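The next block holds one structure in the form of structure tokens; read it before the comments.
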Amino acid sequence: MNSRLRAWTKRIAIDAAIICVGLYAIGCTYGMFRINSIMFHPPPPGYSWETPDIVNIGDDASPVSALWLPCAGTNKVFLFSYGNGEDIGGLMSVFKGFPSAKLSVLCYDYPGYGLSTGKPTEQGAYAAAEAAYRFLAARCGIAPPDIIVLGRSLGSGPACYLAEKFPVGGLVVLSGFTSAPRVVTRVRILPFDPFPNLRRIGNISCPKLFIHGTDDDTIPLSHGKALFAAAQEPKAHLWVDGAGHDDLIWFWGEAKFLEVLHAFANEKQEESR
């Protein structure tokens, strides 16, 4: 009787393991085919090539739209990567304040966003970010130490990618994640890990500033804290008490946001707490 019970228990365990492996495989396959539609939600563009300050930083065959607002009074340029449901138009009021704060800003569109052609993918976002970097360094003559990459939410992925691969003067991670899937899974359980910020952050040597709302229920503060802990010096953080995910800049106030960026760009970072 005991041997029959053991055999039955073993069989149940084997069947359960097979089911778990099968479900995991199905989940991974589903994720591989659906990950781009989950990560990217481009809104309809609210601007055209005739909109002031909109430029093509790509080529005629594969245009990459961008907003370029240079400020004559500074060498510092913020290369801005936005979130998954945003585009240049949704943040235009913020960008228009950069020159008044003695800062230049370049914000580019991912493939499938704004006027950029193609479909949004992780690799496509990296390619657009590289085009933005080359535009500043090669076409505008901006020295790498004067290029500060800033990534908000999903944009933290391309921003960390640039800061790891190219020389830059600084990195600002605004409401960033450890990786895109971990926003949902919290820990890595998939064989692929798009926008692996946590893996990259320790390789980035430039000054870093992490800004995150304490009440962010889309990308919890734990992501910002994990990135900060894994980053090497020099680094600083600002946890904005009461701010959520989509309202952080406006909760804080655009003037305060630009003041913090100006201080960071000019190496007047607040001490980490």
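Just so it is clear, none of the values below were taken in a lab; they were calculated from the coordinates. Only a predicted model underlies this, so the values are computations on that prediction, with no experimental measurement involved. Here Cβ is always computed from backbone atoms with ideal geometry, including for glycine, and neighbour counts include all displayed protein chains.
List the residues, sorted by chain then number, that are 5 or more residues from residue 76 or on another chain and whose placed amide H is less than 5 Å from its amide H.
Sorted by chain and number, the residues that satisfy this are 104.
Extension gain residue 165-residue 38, at 0.36 nm per residue separation less the Cα-Cα distance, in nm? Could the numbers behind the result be given before it?
Working: separation 127, 0.36 × 127 = 45.72 nm, distance 2.58 nm.
Roughly 43.1 nm would be gained on extension.
Enumerate the aspartates and glutamates that residue 102 could reach by cross-link, defined here as Cα to Cα under 18 Å, with residues fewer than 8 away along the same chain left out.
Leaving aside aspartates and glutamates fewer than 8 places away in the same chain, those within reach of residue 102 are 53, 146, 254, 259, 267.
Which order do the peptides 162-175, 44-57, 254-267 come out in when sorted by mean C-beta neighbours inside 10 angstrom, highest first? The partial results should precede the final answer.
Details: 162-175: 22.9, 44-57: 13.6, 254-267: 16.9.
Listed from highest to lowest mean packing, they are 162-175, 254-267, 44-57.
Could you state the number of Å between the C-alpha centres of the range 139-154 and the range 210-247?
21
Any idea how far apart residue 232 and residue 140 come out in nm if each label point goes 7 Å out from Cα toward Cβ?
Computed distance between label sites residue 232 and residue 140 equals 2.8 nm.
Roughly how many whole Å is it from the C-alpha centroid of the range 74-94 to that of the range 97-116?
So the two Cα centres are separated by 4 Å.
Give a residue-ordered list of calculated ³J(HN,Hα) values for the range 238-248 (Karplus: 6.51 cos²θ - 1.76 cosθ + 1.60, θ = phi - 60°; whole Hz; x for Gly, Pro).
Rounded to whole hertz, the list is 9, 8, 8, 5, x, 7, x, 8, 7, 10, 4.
Could you give the semi-axes, largest first, of the ellipsoid that matches the range 79-119, computed as the square roots of 5 times the alpha carbon gyration tensor eigenvalues and rounded to whole Å? Walk me through the numbers on the way to the answer.
Working: eigenvalues 93, 18, 11 Å².
Semi-axes from the Cα gyration tensor: 22, 10, 7 Å.
Could you give the nm distance between label points at residue 49 and residue 62, where each point is 7 Å from its Cα heading toward the beta carbon?
With each label point 7 Å from Cα toward Cβ, the separation is 1.8 nm.
Given the pairs 76/235; 96/225; 96/165; 119/225; 119/256, which span a C-alpha to C-alpha distance of over 26 angstrom in this model?
Details: 76/235 19 Å; 96/225 30 Å; 96/165 29 Å; 119/225 32 Å; 119/256 35 Å.
With Cα atoms farther than 26 Å apart: 96/225; 96/165; 119/225; 119/256.
What is the set of long-range amide H partners of residue 118 at a cut-off below 5 Å, with H atoms built 1.01 Å from backbone N?
Long-range HN contacts for residue 118: 112.
Sorting 200, 139, 152, 134 on the 10 Å Cβ count, fewest up front, what's the list?
On the way: 200 20, 139 11, 152 24, 134 14.
Arranged by neighbour count, lowest to highest, 200, 139, 152, 134 become 139, 134, 200, 152.
Report the far tail of the P(r) of the range 44-265, meaning the percent of Cα-Cα pairs longer than 31 Å.
Numbers: 3086 of 24531 pairs.
It works out to 13 percent of all Cα pairs.
Taking amide H positions as placed 1.01 Å from N in the peptide plane, with prolines and chain starts having none, which residues 5 or more places from residue 237, or on another chain, fall under 5 Å of its amide H?
For residue 237, the qualifying residues are 210, 272, 273.
Please compute the modelled spin-label separation between residue 266 and residue 215, points set 7 Å along Cα→Cβ, answer in nm with one decimal.
3.2
Given 37 °C and 0.692 mPa s, compute D for the range 32-120 with the Stokes-Einstein relation, Rh being the Kirkwood radius over Cα pairs; round to the nearest whole µm²/s. Could the numbers behind the result be given before it?
Details: Rh = 13.7 Å.
D, rounded to a whole number, is 240 µm²/s.
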